[in-house]
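Engineer: One structure follows; several queries about it will come next.
Just so it is clear, none of the values below were taken in a lab; they were calculated from the coordinates. All values reported here derive from a predicted model rather than from experimental measurement. Note that we place each Cβ from the backbone using ideal geometry, even for glycine, and neighbour counts take in every protein chain shown.
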Amino acid sequence: MIEVRVSDEVRAAIESGRPVVGLESTLISHGLPRPRNLEVAHRLEAVVRDGGAVPATVGIIAGQPVVGLDAGELRALAMTDGVRKCSRRDIALAVARREYGATTVAGTLVLLAAGGVRILATGGIGGVHRGAEQTFDISADLVELARTQAIVVCAGAKAILDLPRTLEILETAGVPILGWRTDELPTFYASNSGLPVTARVESAQDVAAVARAAWDLGTSAGLLVGVPPPPGTTLETEAVERAVADALAGAERRGISGAAVTPFLLGAIAEATGGESVAANLALLENNAQVAAEIAVALAS
Ligand code: PSU
Ligand code: MN
């Protein structure tokens with residue numbers, strides 16, 4: 001079992017059955033530009049608190065996995081170079097070498113499970129990359145969702161991915177996608193993908209009931225909640241598609257592969273949209289954190 005340091009506040013909340021919401025840190029270290037990334041990290045925690053839950057941002061500090069980073073630790077992950085992007089496979093490396101690590105959705109799920117937290121908010125999950133039939137680039141987020149009893153609240157999967165194939169893998173893995181007051185999978189920059197969710201949910205109680213039923217059944221998989229980005233913050237689909245196509249071509253030209261692909265594409269799209277994608281990203285992150293808090297409160301009651 002991995003030794004996870006759970007902060008006093010998070011531990012107290014878990015022990016007394018109060019709601020906790022996990023937050024990942026890769027989006028802070030590798031997904032957003034400085035110094036906005038640190039502001040966002042604090043803002044997401046504040047949103048969770050306003051929603052009546054305790055935030056537990058996850059990361060690895062000098063080799064120590066932590067559930068519930070403090071302000072200094074958040075700053076270190078946001079502002080330091082050379083932070084390792086940690087999916088499940090990378091955690092042991094960061095621990096053994098006493099490194100700083102930012103956890104992806106997959107890495108965060110591993111550490112939250114060790115710490116006893118069952119709900120996580122993020123922006124968009126990783127998924128099947130376009131061209132995966134050639135590259136086999138499929139995010140470990142999907143594998144971890146398939147084997148962790150947790151709720152992941154997100155704005156769907158990002159338009160940089162192959163969304164239909166991502167849905168197919170989730171179906172194979174036994175992970176339902178609950179559409180938050182929507183019938184369609186959100187695509188991060190847009191609320192409509194034309195792709196159906198498994199079921200529509202109208203409330204946090206609704207989500208909590210499905211999760212309890214899944215866990216009571218002993219199913220090992222997680223649940224995904226897809227929350228449409230807030231109105232007025234979405235980007236025009238055609239502009240996104242152009243930016244994605246250019247970013248993908250750029251990645252190929254430069255021979256970028258593996259864990260570097262997602263951060264590269266996000267950076268290229270931010271540049272191509274003049275930072276509009278970053279603004280959209282922030283809006284939906286807050287929105288997702290708020291919905292996750294609501295669900296955590298429903299789960300705890
Ligand atoms: N989506 C974003 N920003 C991000 C990520 C996803 O909008 O920074 C990060 C998440 O941490 C996610 C990870 O878990 O990218 C997936 O990376 P990969 O495709 O290498 O598994
Ligand atoms: Mn990958």
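Engineer: Based on DSSP, what percent of beta bridges with both residues in the chain are antiparallel, to the nearest 5?
Structural biologist: Counting only bridges with both partners in the chain, antiparallel ones make up about 30 percent.
Engineer: Next up: Please list the helices of the chain that count as membrane-span-like by this rule: a mean Kyte-Doolittle hydropathy of at least 1.6 together with Cα atoms stretching 30 Å or more along the helix axis, each helix being a complete DSSP H run.
Structural biologist: Both cut-offs are met by no helix.
Engineer: If you don't mind, there's one more thing I want to ask. For a bin width of 10 Å, list the pair-distance distribution of the stretch 102-163 built from all Cα-Cα distances, rounded to whole %.
Structural biologist: In whole percents, the pair-distance histogram is 23, 52, 22, 3.
Engineer: In addition: Let me check I've understood the local charge: for Ala239, count other residues with C-beta under 12 angstrom from its C-beta, Lys and Arg +1, Asp and Glu -1. What total comes out?
Structural biologist: Charge balance in the 12 Å sphere: -4.
Engineer: Running Debye on the stretch 1-117 with equal point scatterers at the Cα sites and no solvent, what base-10 log of I(q)/I(0) appears at q = 0.12, 0.14, 0.19 Å⁻¹?
Structural biologist: Log10 of I(q)/I(0), two decimals: -0.36, -0.49, -0.91.
Engineer: Among residues other than Gly274 whose Cβ falls under 15 Å from its Cβ, what is the net charge (Lys/Arg +1, Asp/Glu -1)?
Structural biologist: Overall, the nearby charge balance is -2.
Engineer: For the chain, report the translational diffusion coefficient in µm²/s to the nearest whole number, using Stokes-Einstein at 25 °C, 0.890 mPa s, and a Kirkwood Rh over Cα pairs.
Structural biologist: The Stokes-Einstein estimate is 131 µm²/s.
Engineer: Springs between alpha-carbon atoms under 10 Å, Gaussian network over the chain: tell me which of Leu195, Leu284, Leu44 tops the mean-square fluctuations.
Structural biologist: With Cα springs under 10 Å in the chain, the top fluctuation among Leu195, Leu284, Leu44 is at Leu195.
Engineer: Another question about this same structure. Quick one: grab Rg to one decimal and Dmax as a whole number for the stretch 110-257, Cα atoms only, in Å.
Structural biologist: 15.7, 49
Engineer: Could you tell me the extents of the stretch 65-175's C-alpha atoms along the three principal axes, largest first, rounded to whole Å?
Structural biologist: Per principal axis, max minus min of the Cα coordinates gives 40, 29, 25 Å.
Engineer: Which value in deg cm²/dmol, rounded to the nearest 500, describes the helix-derived mean residue ellipticity at 222 nm for the chain, given -39,500 (n - 2.57) per DSSP H run of n ≥ 4 and division by the residue count?
Structural biologist: Value at 222 nm, helices only, nearest 500: -14500 deg cm²/dmol.
Engineer: Report the FRET efficiency, 1/(1 + (r/R0)^6), for Arg43 and Gln64, where r is their Cβ-Cβ distance and R0 is 30 Å, rounded to 0.05.
Structural biologist: Taking R0 as 30 Å, the efficiency between Arg43 and Gln64 is 0.75.
Engineer: Same structure, new question: Among Met79, Ala94, Thr187, which residue has its Cα positioned farthest towards the positive end of the charge dipole of the chain, with +1 placed on the Cβ of Lys and Arg, -1 on the Cβ of Asp and Glu, and the dipole taken about the Cα centre?
Structural biologist: Checking the options against the dipole of the chain, the answer is Ala94.
Engineer: Compute the relative contact order of the stretch 119-301 as a whole-number percentage, counting only Cα pairs closer than 8 Å that sit 6 or more residues apart in sequence.
Structural biologist: It comes to 26 percent, rounded to a whole number.
Engineer: How much FRET efficiency would the formula 1/(1 + (r/R0)^6) give for Asn192 and Ala146, where r is the Cβ-Cβ distance and R0 is 35 Å, rounded to 0.05?
Structural biologist: It comes out at approximately 0.85.
Engineer: Computed FRET efficiency, Cβ-Cβ of Phe136 and Ala249, R0 22 Å: what is it to the nearest 0.05?
Structural biologist: Working from the Cβ atoms, E equals 0.65.
Engineer: Under Stokes-Einstein, with the Kirkwood radius over Cα pairs standing in for Rh, what whole-number D in µm²/s applies to the stretch 205-260 at 10 °C and 1.306 mPa s?
Structural biologist: Value of D from the Cα-based Kirkwood radius: 103 µm²/s.
Engineer: Another question, then. For the chain, modelled as a Gaussian network with Cα springs under 10 Å, which listed residue fluctuates most, Gly123, Gly274, Gly255?
Structural biologist: Checking each option, the largest mean-square fluctuation is seen for Gly255.
Engineer: Looking at the stretch 1-140, what % of its DSSP beta bridges pair antiparallel, to the nearest 5?
Structural biologist: 40 percent
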